[in-house]
Every structure is written in C-alpha cells, then in structure tokens.
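Written out below as structure tokens is the structure these notes cover.
The values are calculated or read from the model by the stated rules, or taken from the named source; none is laboratory data. Small disclaimer: the values here were computed from a predicted structure and weren't measured. We place every Cβ from the backbone using ideal geometry, glycine too, and count neighbours over all the protein chains shown. In case anyone asks, the SASA skips ligands and DNA or RNA and just uses the protein heavy atoms, side chains included. Shrake-Rupley method; radii C 1.70, N 1.55, O 1.52, S 1.80 Å.
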Amino acid sequence: MKLTSRSVSRAALVSTLVTATAGAAVLLASTASAGTTLGASAAESGRYFGTAVAANKLGDSTYVGILNREFKMVTAENEMKMDATEPSQGQFSYANADRIVNHARAQGMQVRGHALAWHSQQPGWMQNMSGTALRNAMLNHVTQVATYYRGKIHSWDVVNEAFQDGSSGARRDSNLQRTGNDWIEAAFRAARAADPGAKLCYNDYNTDDWTHAKTQAVYRLVQDFKQRGVPIDCVGLQSHFNSQSPVPGNYQTTLQNFANLGVDVQITELDIEGSGTAQAQNYERVVKACLAVARCAGITVWGIRDTDSWRASGTPLLFDGSGNKKPAYTSTLNALNSGGTSTTSTSTTTSSSTSTTTTTTTTTTSNPNPGGCTASVSLNSWNGGFVATVKVTAGSSALNGWTVSMTLPSGATVTNGWSADRSGNTGTIQFKNVSYNGNVPAGMSTEFGFQGTGSGAGMSPTCSAS
C-alpha cells in the first residue's frame, strides 16, 4: 500500500514497498469516444483503467478535469483505510470516503474499496489490542465498513500485504496474524456476508515476479481458498516499479498463472519511476501483459499527476505536475488501443510446492436480435469443483436489465455467487442483474460469476433483455 506522510520512508523499494488498493471490471457507458481516453480505450477490450484519488484534491480543477476525462475506476488513496474509517472503536467516519464514492458514482465511475484489513495504518486503539479481542474488532470493522458501502463497491481489497518479503514465503508477523492463521479466511467470509455483490481481492506488493517466494506463497493461498470454497474473486498486484525493482520479464506469466486459478487479476497501484522513452516502454510492457491475459480485469495507476504521487521525486505517473500528458501516457493509450484477448485459454500452472491444472472453455449463445443480449461462460475446473464466469454482452441497443438462464450438469450445485441474483442452486438456474450492472451500453459487456461443486462442463447460457 501507498505510505502516507505519517509513515517512515523505506530505503530500498524492492524489499519495502507498502501500498494500497483494489479492483475488477463491470463496464459502464463512456462519455468519451473509444480510443481517445484511457478509460474508453480499456473498455474496448472489456477492462477498466482507474486511478487512486485523494479527497482533498477534489477541489483542484485540473486534477478533477483529468480524473473525469480519463478514468472509469477510482480507489480511495487513504480514506477507506482502517484508521480513517474507524478512528475510535465502534465509531465510524465515512465523510472523506463518501466524497470520493459520491463523485465517482455521479460521473458513472466504479469504485475499488481499499482496504478492509491491514497490519498498517490501524487506528491507535486497534494497535494496542491482541488475541480474541483484536480478531473480533477486525471482523466487526470488515462487516461494518463493507455493509455501509454495500452495492457501491466493485471490488474490495479485503486483506492487504499479509506476506513478508524475502525467501521464506511466510506470513508477516503482524498483530492480526497472531490472532490465528485463519484470520485472512475469516476476513474474506465476513466481507462476503456483508457485501455479497462485490468482488473480493487479496492485494500485495513485490508479487510481480513469478519466481519469488512471496509470489508463490500468495498463489498457494489463493489456490487453497478456491479449492476449499473460501470466497475470493481476485488478486491485486500493486506493481510499483523502478530501476531497483523493474518490470520482471515473467510479469505476464505471473498474471496468467493467478488467472488460471479462476480469479480475476487486477493491477492495483501501478507507478513506474523514470521519464521519457524508457518509462513509456515500461508502461507499454505492463499494459500489453494485462491485455494478453483474459482475466486481467483492469489497471489502476496510483495517482494522476507526478506531483500527486507518494513517489513524486521519481516522476512515476502519466501526467506531469501541470497536468500535461507525458510520453508514458501516449504509450499506454496506444497499447490499450492495440486491443487484447477477451477469451480465456487452456493452460497448466505449477507452483514451487503444488501443481494444478485448470481447463477453461467458453460457450457463446447465438447473435442477439437488436436490443437483445448474448451470454458466454468461462469455466475453471478442478477435481470436485469449478468457478464459472459469465459475460453478458448487449446487442445493438443498450440493456436496461438482463436475465441469464443455464442448466447445471447432474450432480452440480452452486455454493456461492457474485454480481447477480439467482434462483435455485441445482438444475436450471436463472441469474438476474443486480442494481449496479443492469445498464449495459450497446456492444459492451458486464460479468457475474458463481462457484459450484461437481462438474460444470457443458453449460450453455442463454440471455434475454428485460
């Protein structure tokens, strides 16, 4: 997570970056023509492009002008963290976070919630707690904040930075970790109960290189959660780069291997120190890696102008201090306009201690009549279970609501779902849009998903507009 001014600066970014975030993608109508802004261009391939926002900058006309023009997803930079939302135990404060959420929703943007549980930026009262009292306080915080914003958040960074750097692949020794090794699972289950429509993410830094022990440890956590039915929908890679911590050559491999577990991958806090051609080329590499992975749902840059950045001296963002577009902006936009994959592939991934094979198939209904819709399903399976991600695409007219029907194979049962209301858990099931994803512009898409036991092979969804 991004460090605030209260935090002690670190000497070596490669081993000490601490950051903040969230994100995945349901598409909303764009007010700009596709290809001319970051948000509109990303939407062309079914992704989002977002930024971190500070409430105290919403009075800056240059800042807000760029925000409203270029981005379709926002993350509160500090305003949703634990110290900001619960400064005194049991007394919650949402005013600054509400400023960001309300601005985003008024502009047709979506919001990533960052972050519900973290060892850092805890309020003083929580720092002094331990054991069962701390566990209960953490779960109450997750429940209260997620419930307050229920239906307004696209993705939550439920747990942030729970693994330590180095070669051990171990959990970070934090006060939360000392409440018991199941604290991460408990936080995710509480978040799902409080806000069942939001995607739930694990977010961390220094997890960009597939060979690193920390990356492998996060992979094993997600793999375990998916196999046991613990609710997790996405993994956030913070992706803070500089000359000491460059974009790794296997970055796309990392994105793909996480995606192969049946979760979305979100680049949540991207910034790349540098300038000129070198910086522009590095941004292009990151964007193209995301575009090559079907379940890389979107990219969030950690700030708008260089002067807004927590690493301002490294000029790491897409706009200079005056709000002018940098070469990195142009390379990013051009990369987004080059398009990307929108279908998943079959692949095998192997971690350092375990291996898993996931098979993904896509079935698409016939082309819709004007005003209608199509639905396709991408399936990630393992022995005894599966995760299905269903994409709903509008025809030549915008959708004001949709219903998807599909029949599960014999013996299959839905255990949980997200971003849709459903009827039943076995046999023929209908899924209907929820409040935030019923309006889909012509030719654009939104997604929902569900997890099940048994086999999901052979499902063929049909879509109807309502």
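For Gly314, are the conditions met, namely being touching a residue at least 60 places away in the same chain (Cβ under 8 Å) and surrounded by fewer than 24 Cβ atoms within 10 Å (Cβ to Cβ)?
When the stated conditions are applied, Gly314 passes them.
Just to verify a result, which residue in segment 426-466, among those that are touching a Lys or Arg at 6+ places or on another chain (Cβ under 8 Å) and among the hydroxyl-bearing types (Ser, Thr, Tyr), is surrounded by the fewest Cβ atoms within 10 Å (Cβ to Cβ)?
So the residue we want is Ser466.
Yes/no matrix, rows are residues, columns are (1) within 23 Å of the chain's Cα centre (by Cα); (2) not polar (S, T, N, Q):
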| residue | (1), (2) |
| --- | --- |
| Gly395 | no, yes |
| Ala398 | no, yes |
| Ser405 | no, no |
| Pro409 | no, yes |
| Gly417 | yes, yes |
| Asn433 | yes, no |
| Gly456 | no, yes |
| Pro461 | no, yes |
| Ser464 | no, no |
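So Arg285 ticks every box in (1) buried (at least 24 other Cβ atoms within 10 Å of the Cβ); (2) not in a strand (DSSP E or B) but one. Which box is left unticked?
(1)
I'd like to check something: does segment 223-235 contain any residue that is assigned to a helix (DSSP H, G or I), under 19 Å from the mean Cα position of the chain (by Cα) and more than 20 Å from Val263 (Cα to Cα)?
Scanning segment 223-235, I find no residue that is assigned to a helix (DSSP H, G or I), under 19 Å from the mean Cα position of the chain (by Cα) and more than 20 Å from Val263 (Cα to Cα), so the answer is no.
Condition first: in contact with a Gly (Cβ under 9 Å, 6 or more places away or on another chain) and either on the phi > 0 side of the Ramachandran plot or of a type in the set (Asp, Glu) (or both). Now tell me which residues in segment 422-458 satisfy that.
Passing the criteria: Gly443, Glu447, Gly454.
Among the residues of segment 240-271 satisfying the criterion of being of a type in the set (Gly, Ala, Ser) and under 16 Å from the mean Cα position of the chain (by Cα), which is surrounded by the most Cβ atoms within 10 Å (Cβ to Cβ)?
Out of the qualifying residues, it is Gly262.
Can you tell me which of Ala278, Ala328, Ala294, Ala335 is out of contact with any Pro (no Cβ under 8 Å at 6 or more places or on another chain) and part of a loop (DSSP other than H, G, I, E, B)?
Exactly one of Ala278, Ala328, Ala294, Ala335 is out of contact with any Pro (no Cβ under 8 Å at 6 or more places or on another chain) and part of a loop (DSSP other than H, G, I, E, B), namely Ala294.
List the helices (runs of 4 or more DSSP H) inside segment 90-200, counting only whole elements, that have at least 2 residues being under 22 Å from Lys72 (Cβ atoms), in the same structural domain as Ala43 (by the TED database) and open to solvent by less than 60 Å² (accessible area, probe 1.4 Å).
Result: 95-106.
Might you check whether a residue that is in contact with a Ser or Thr (Cβ under 7 Å, 6 or more places away or on another chain), of a type in the set (Ser, Thr, Tyr) and closer than 24 Å to Gly46 by Cα occurs anywhere in segment 77-98?
No, every residue in segment 77-98 fails to be in contact with a Ser or Thr (Cβ under 7 Å, 6 or more places away or on another chain), of a type in the set (Ser, Thr, Tyr) and closer than 24 Å to Gly46 by Cα.
Report every pair of residues separated by at least 6 positions or lying on different chains whose Cβ atoms are under 7 Å apart, first residue within segment 123-134 and within 12 Å of Pro87 (Cβ to Cβ), second surrounded by 12 or more Cβ atoms within 10 Å (Cβ to Cβ) and not hydrophobic (A, V, I, L, M, F, W, C).
So the pair list comes out as Pro123/Asp83; Pro123/Glu86; Pro123/Pro87; Trp125/Gln89.
State whether one or more residues within segment 71-87 are open to solvent by 30 Å² or more (accessible area, probe 1.4 Å), free of Cβ contacts under 8 Å to residues at least 60 places away in the same chain, outside any loop (DSSP other than H, G, I, E, B) and within 21 Å of Cys201 (Cα to Cα).
yes
Taking segment 409-459 as the region of interest, how many residues are at pLDDT below 90, among the polar types (S, T, N, Q) and closer than 30 Å to Gln223 by Cβ?
9
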